[in-house]
Each structure stands twice: as structure tokens, then as C-alpha cells.
Amino acid sequence: MTTSAKSPPLERETTFLKAIHQQTKNDNGAKAVLKRALSSERRQPQNIYPLVLRHLTGIHERQQDLWIFVACLSVYYPPPQDIHPAEEQHNFGHSCKRLASTSSSDGAERRFRTLLDTSLEDIQIPLAALVRLMKSKKIRIDYPRLIADLCQWEHPDQYIQDRWARAFWGVSDVQQS
């Protein structure tokens, strides 16, 4: 009987983000290139590719832009500690809930509702705006989970949007057998 070692959840995403952070740790120019990619200016992938493409081997080309986008977000607002997936299920909906709890206005909830209805093609600007707000409030983001979730964003069942909504409005996931 052989036992196969199951790889930890989000291992590829975590390894990728750690590699990007290690590479940019002492390189302010590289950090600037990745942060600039988040601006409203037209993205210039030829400047980003030398920093990230070697870390994306085995990732389907259609998903590489998502991985790069989240890497840029994580360089703009790095986690307080080393990158690792949260021990508990912590998705972007949880982070948005924390953001909403820090304000008396309903702006965060309005942005979150809009985000849930946004297509993957248009998600970068509203997502980056929420991350900027989270940075100002020092709210934790699980970047490896964010990559995995965005890669499934266009699933016909919209189960990622459902999980985020449940996390935001406090309804726990029902375990399915």
C-alpha cells in the first residue's frame, strides 16, 4: 500500500508569492515596476515579465495575468509577516467585512457588492481600490487564497462569489458530504 503525500493547500500560490517577495526584497526598482502596474495607466507587461514569468512555469497562460496582478497587490501592500495561507478559511470576503467594520459609512459594503457583480475582465480596478483601503486600515489579506479564488471567478456556479458573500454577511459555509 502506497501513501501519497498530499501537497499543502495553496502551495503553488504561496511559493510563487514568496519568490516574488524574495526577489524584490532589496530591489526598490523591481517593487516600483510591480506597484506601477496597479496604476490606472495602461499596464506595460514587458516591464513586469522579467520579474515574474520565470516563477509562473506550469501556470496556464490565461491565468498568468491573475497571478501577476495579485503579486503586484502583495508588493503594494505586503503582508505583515511572511506570505502563507491563513490557517483558517480566510477569503477576501472576510477582509472586506473587517474593512466595513472599521467605518460608519456603507462605502465598503457598496464596493464589495459591486465587486461581486464584476466580471473577471474588469475586476482589477475595483479589487485594487479595496486593497488600497485595506492597506490604510492594516487589514490582512490572504494573497494565496486570492489567487486561487480569482482563478475560479468565472465558474458557472459562482461559488467563489457565494463564499465571499457568506464571509462578508456572516453566514457560515454549509459542509456538503
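Restricting attention to the stretch 118-137, does a residue exist that is part of a loop (DSSP other than H, G, I, E, B) and open to solvent by 70 Å² or more (accessible area, probe 1.4 Å)? No, the stretch 118-137 contains no residue that is part of a loop (DSSP other than H, G, I, E, B) and open to solvent by 70 Å² or more (accessible area, probe 1.4 Å).
Considering only residues that are in a loop (DSSP other than H, G, I, E, B), exposed (fewer than 12 other Cβ atoms within 10 Å of the Cβ) and polar (S, T, N, Q), which ones fall in the stretch 92-117? Step through it out loud before you land on a result.
Keep residues of the stretch 92-117 that are in a loop (DSSP other than H, G, I, E, B), which gives 102-106, 117.
When the remaining residues are screened for being exposed (fewer than 12 other Cβ atoms within 10 Å of the Cβ), the result is 104-106, 117.
Answer for the stretch 92-117, where residues must be in a loop (DSSP other than H, G, I, E, B), exposed (fewer than 12 other Cβ atoms within 10 Å of the Cβ) and polar (S, T, N, Q): S104, S105.
Tell me, yes or no, whether the stretch 141-163 has at least one residue that is out of contact with any strand residue (DSSP E or B) (no Cβ under 7 Å at 6 or more places or on another chain), in a loop (DSSP other than H, G, I, E, B) and crowded, with 19+ Cβ neighbours inside 10 Å. Spell out the reasoning first.
Residues of the stretch 141-163 out of contact with any strand residue (DSSP E or B) (no Cβ under 7 Å at 6 or more places or on another chain): 141-163.
Filter once more, so that each one left must be in a loop (DSSP other than H, G, I, E, B): 141-142, 152-158.
Among the residues that remain, those that are also crowded, with 19+ Cβ neighbours inside 10 Å are: 141-142.
The answer is yes, given that some residue of the stretch 141-163 is out of contact with any strand residue (DSSP E or B) (no Cβ under 7 Å at 6 or more places or on another chain), in a loop (DSSP other than H, G, I, E, B) and crowded, with 19+ Cβ neighbours inside 10 Å.
Inside the stretch 34-79, residues that are open to solvent by 30 Å² or more (accessible area, probe 1.4 Å), over 15 Å from the mean Cα position of the chain (by Cα) and either modelled with pLDDT under 90 or not hydrophobic (A, V, I, L, M, F, W, C) (or both) make up a count of 19.
The values are calculated or read from the model by the stated rules, or taken from the named source; none is laboratory data. Computed from a predicted structure; not experimentally measured. Note that we place each Cβ from the backbone using ideal geometry, even for glycine, and neighbour counts take in every protein chain shown. Only protein heavy atoms, including side chains, enter the accessible area calculation; ligands, DNA and RNA are left aside. Shrake-Rupley method; radii C 1.70, N 1.55, O 1.52, S 1.80 Å.
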